[in-house]
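The values are calculated or read from the model by the stated rules, or taken from the named source; none is laboratory data. Model, not experiment: these values are computed from the prediction. Note that each Cβ is placed from the backbone with ideal geometry, even for glycine, and that neighbours are counted across all protein chains shown. These accessible areas exclude ligands, DNA and RNA; they are computed on the full protein's heavy atoms, side chains included. Shrake-Rupley method; radii C 1.70, N 1.55, O 1.52, S 1.80 Å.
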Amino acid sequence: MEEHACLVRARSDSESSSKLGSFGSIAHTMAYTEDRLTGVEGGGEPGNTNTLAAAPPDNNDVNDSGELLDYNDSSVLEQFHEDALRQAGCGLSQGRVILAVGLAVIGSALEMSSIPFVLPSAEIELCVLPHEKNWLVMISIMGGSLGAVGWGALGERLGRRRALLSALAVNSVFAAIAAFMPTYGTFMMARFCSAIGSGGIIPTGYVYSAEMISRSKRNLPLALFPVCMGAGILVAAGLARTILPLTGAEALIENKEHFSAWHRYLLLCMLPVLASLISLIWTQESPRYLLDVGREVDAMMVYQSIHSGNQIRVCRKASVANDSEYRLGELSLPGKRRPPALHHVRHSVKMFWQTFFQLFSNTYRNTTLSLGGTLLFSMAISFYISASIPSTVLNMESEAFLLSKRRIANVTYENERYNETLENIDFAYVTFRNVTFRDMLMSHVAFYNTTFLNVAFANIKTSYTTFKGCLFVNSTMIDTDIEIGRELESDCTLTGSVVRGVKGGCSRHADLTSTLGGPLAENTYGAYAALLAAIPVAAPHSLRPPVILCGALVLLSPTLYFAQIETALYIVEAAYRLIVTVIFFTISIKVVESYPANLRCTSHGLILSITYMCGTAVRGMGDFGPLISCILCALFAITATALAVRIR
């Protein structure tokens, strides 16, 4: 009679039904014969005096070689999980999980990529001051930092799928709220809360996906996530090109609508997150998590569901005797102690902190520091150049704009009518007589010692427009944003003139020179970099060691000094993004493989949280110029390389 390999642990009364029917064989490395549990009630209970003399202790038994097996050792459960997944195959069941998490990754990439596109319109409507613009990006990163560590820890307590569901729900709710916020403060708060939900997507979703696929088959499916990231960035750019005004002047005109385009844009950007929430209806919890918390019966049902759902295979399945029926042998799996009920607050908080301390115990300290440090310093480069390169391009455009300024002096204009945009002009000692300015924009226009005689200003929008030492005689300013003490400086003289503009509560000037051309080009290059990163991510680990990838960052550093034109800078940034994206997903896979199941989400979330928080500080440093930027990125890359050497 053929003896089936199986795992057995002593069963409590509450788990007396966990001995399942015949399911097939698993790896003989875990095998021993099931000949000790008899009909004696509670025979396997610890401390029960009715247990047969040959009965094993609670958690240990002797294998064929006479060695003790610790059945609470996570490696035993991990090996069983891998064997069960190999027998279940790889197909549509895992495809549904990849689809759900992939949509979530697209939504997360959309949320971060949308910020530079909505800023030109949002800063006009919400009166965002120049020093406040960068805070919208930084507060989103800070929210992602809190979300990563929070939902990472919840992934160990609630389960991967439930934690991902809750993170997506928070993200979608507050993303929708942000689209309707009328002030900058409330908009920032809603985006912060939305980013908290978005920050939980990677640590929970990545571990969830990895645990649904056997180790030998993970690379190719998980390589789809860089593709999803690139797709999200491309969608953000495509929607911006279609929906949003492309220039500052168009944004100022379009802002007159009640529900302007950037609100609609934000609502459309949250659709992938909603689709991910819906698609999770057809997925199940990670069986590895269920085994870890002692829910063996639920785990067996998930394995069976995976097998039955994989009628269409997308990757080769290990051969099993009798492929028509999924079998795992007579077994009662060794389970960890079930987590306490959620109302046991004190115990939950204690376990929460103990999990973090365990990451820095002697067993995992080197792994945590090497993986975390490598990701931190490599991502620091990405955070820095994502702020410095747009700033450099903006400075280059500003210098070119100033050089193109026209100056008109000592000229008299009579009986003229202006209804087209005036931009980048200085008028000095000019006289306007019987002239009308109507239905137009004035951007970066200055009037010095200019005389206005019988001049009418009507329905005028201005940006960085000033009147210094000007004389107004019998002139009118109706329905304009020109105000005395702001555009009209104190040294101006008004004789028989009327100023009846609409006073705005905003003290800033809308910059009509801004365009979406730069952000569109930058994000398009970045999207292509993320798409190309999928190729090395799909390759075996031996072909992309982190130390080599970090070394490539060192070699790339001098390009920041020599790239002095806009397109070259965007290409350099895309090259950095490609390498950093490969490092990011390589470290993510290493986290899954290096930590036991009860630490994976927490470790991933903690590493991402510290990385995002430090990235916020790096981004806030500003632009130091080509030479210092080159040296700074080289130092970051060298440090990341030194830490990557310690990764095993």
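Could you check the stretch 209-259 and list, in sequence order, the residues that are buried (at least 17 other Cβ atoms within 10 Å of the Cβ) and not in a helix (DSSP H, G or I)?
Of everything in the stretch 209-259, those that are buried (at least 17 other Cβ atoms within 10 Å of the Cβ) and not in a helix (DSSP H, G or I) turn out to be 212, 213, 214, 218, 223, 244, 245, 255.
Do we find that residue 532 is open to solvent by 60 Å² or more (accessible area, probe 1.4 Å) and modelled with pLDDT of 90 or more in this structure?
Against the criterion (open to solvent by 60 Å² or more (accessible area, probe 1.4 Å) and modelled with pLDDT of 90 or more), residue 532 qualifies.
So which of 557, 542, 603, 609 ends up being more than 23 Å from the chain's Cα centre (by Cα) and in contact (Cβ under 8 Å) with a residue 12 or more places away in the chain?
None of the others qualify; the one that does is 557.
If a residue must be touching a His at 6+ places or on another chain (Cβ under 9 Å) and open to solvent by less than 30 Å² (accessible area, probe 1.4 Å), how many such residues does the stretch 179-202 contain?
Total meeting the criteria: 2.
Name the residue, out of 527, 521, that is hydrophobic (A, V, I, L, M, F, W, C), closer than 24 Å to residue 630 by Cβ and in contact (Cβ under 8 Å) with a residue 40 or more places away in the chain.
Step by step, each of 527, 521 is checked, and only 521 is hydrophobic (A, V, I, L, M, F, W, C), closer than 24 Å to residue 630 by Cβ and in contact (Cβ under 8 Å) with a residue 40 or more places away in the chain.
Answer with yes or no whether residue 647 is farther than 19 Å from residue 145 by Cβ, β-branched (Val, Ile, Thr), open to solvent by 10 Å² or more (accessible area, probe 1.4 Å) and not in a helix (DSSP H, G or I).
yes
Here's the yes/no breakdown for (1) in contact (Cβ under 8 Å) with a residue 40 or more places away in the chain; (2) within 20 Å of residue 464 (Cα to Cα):
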{"position": "357", "(1), (2)": "no, no"}
{"position": "360", "(1), (2)": "no, no"}
{"position": "364", "(1), (2)": "yes, no"}
{"position": "421", "(1), (2)": "yes, yes"}
{"position": "425", "(1), (2)": "no, yes"}
{"position": "448", "(1), (2)": "no, yes"}
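So, in the stretch 271-314, how many residues would count as being in a loop (DSSP other than H, G, I, E, B) and either polar (S, T, N, Q) or open to solvent by less than 20 Å² (accessible area, probe 1.4 Å) (or both)?
7
Let's see how each residue does on (1) closer than 24 Å to residue 648 by Cβ; (2) out of contact with any helix residue (DSSP H, G or I) (no Cβ under 8 Å at 6 or more places or on another chain); (3) not hydroxyl-bearing (Ser, Thr, Tyr):
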position: 538; (1), (2), (3): yes, no, yes
position: 541; (1), (2), (3): yes, no, yes
position: 548; (1), (2), (3): yes, yes, yes
position: 561; (1), (2), (3): no, no, no
position: 566; (1), (2), (3): no, no, yes
position: 572; (1), (2), (3): no, no, yes
position: 578; (1), (2), (3): no, no, yes
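Is it true that residue 397 is charged (D, E, K, R) and touching a strand residue (DSSP E or B) at 6+ places or on another chain (Cβ under 8 Å)?
Judged against the criteria, residue 397 is not a match.
Residue-wise test of (1) in contact with a Pro (Cβ under 6 Å, 6 or more places away or on another chain); (2) modelled with pLDDT of 85 or more; (3) open to solvent by 30 Å² or more (accessible area, probe 1.4 Å).
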| residue | (1), (2), (3) |
| --- | --- |
| 349 | no, no, yes |
| 352 | no, no, yes |
| 367 | no, yes, yes |
| 381 | no, yes, no |
| 385 | no, yes, no |
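Return the residues of the stretch 157-175 that are open to solvent by 30 Å² or more (accessible area, probe 1.4 Å), touching a residue at least 24 places away in the same chain (Cβ under 8 Å) and of a type outside the set (Val, Ile, Thr); say none if nothing qualifies.
Matches in the stretch 157-175: 157, 161, 162, 165, 166, 169.
Can you say whether residue 403 is surrounded by fewer than 16 Cβ atoms within 10 Å (Cβ to Cβ) and of a type in the set (A, V, I, L, M), as far as the supplied structure shows?
Yes: the conditions hold for residue 403.
Within 27 Å of residue 287 (Cα to Cα), in contact (Cβ under 8 Å) with a residue 24 or more places away in the chain and either crowded, with 22+ Cβ neighbours inside 10 Å or among the aliphatic types (A, V, I, L, M) (or both) - does that describe any residue in the stretch 126-142?
No, the stretch 126-142 contains no residue that is within 27 Å of residue 287 (Cα to Cα), in contact (Cβ under 8 Å) with a residue 24 or more places away in the chain and either crowded, with 22+ Cβ neighbours inside 10 Å or among the aliphatic types (A, V, I, L, M) (or both).
Picking from 555, 599, which residue would you name as being farther than 15 Å from residue 385 by Cβ, open to solvent by 10 Å² or more (accessible area, probe 1.4 Å) and either modelled with pLDDT under 95 or not aromatic (Phe, Trp, Tyr) (or both)?
Selected residue: 555, the only one of 555, 599 that is farther than 15 Å from residue 385 by Cβ, open to solvent by 10 Å² or more (accessible area, probe 1.4 Å) and either modelled with pLDDT under 95 or not aromatic (Phe, Trp, Tyr) (or both).
List the residue pairs whose Cβ atoms are under 9 Å apart, where the first residue sits in the stretch 565-591 and is without any contact (Cβ under 8 Å) to a residue 12 or more places away in the chain, the second is of a type outside the set (A, V, I, L, M, F, W, C) and surrounded by fewer than 21 Cβ atoms within 10 Å (Cβ to Cβ), and the two are 6 or more positions apart or on different chains.
Note: pairs meeting the criteria are 568/559.
Find the residue count for the stretch 400-424, including only residues that are over 43 Å from the mean Cα position of the chain (by Cα) and either part of a helix (DSSP H, G or I) or not acidic (Asp, Glu) (or both).
Summing the residues that are over 43 Å from the mean Cα position of the chain (by Cα) and either part of a helix (DSSP H, G or I) or not acidic (Asp, Glu) (or both) in the stretch 400-424 gives 12.
Scanning the stretch 463-480 for residues that are in a strand (DSSP E or B) and of a type in the set (Phe, Trp, Tyr), which turns out surrounded by the fewest Cβ atoms within 10 Å (Cβ to Cβ)?
467
Do the conditions hold for residue 460, that is, is it out of contact with any Pro (no Cβ under 8 Å at 6 or more places or on another chain), open to solvent by less than 10 Å² (accessible area, probe 1.4 Å) and part of a loop (DSSP other than H, G, I, E, B)?
No; evaluated as a whole, the condition is false for this residue.
Give the stretch 483-508 a look and list any residue that's modelled with pLDDT under 80 and open to solvent by less than 50 Å² (accessible area, probe 1.4 Å), or say none.
501, 504, 506, 508
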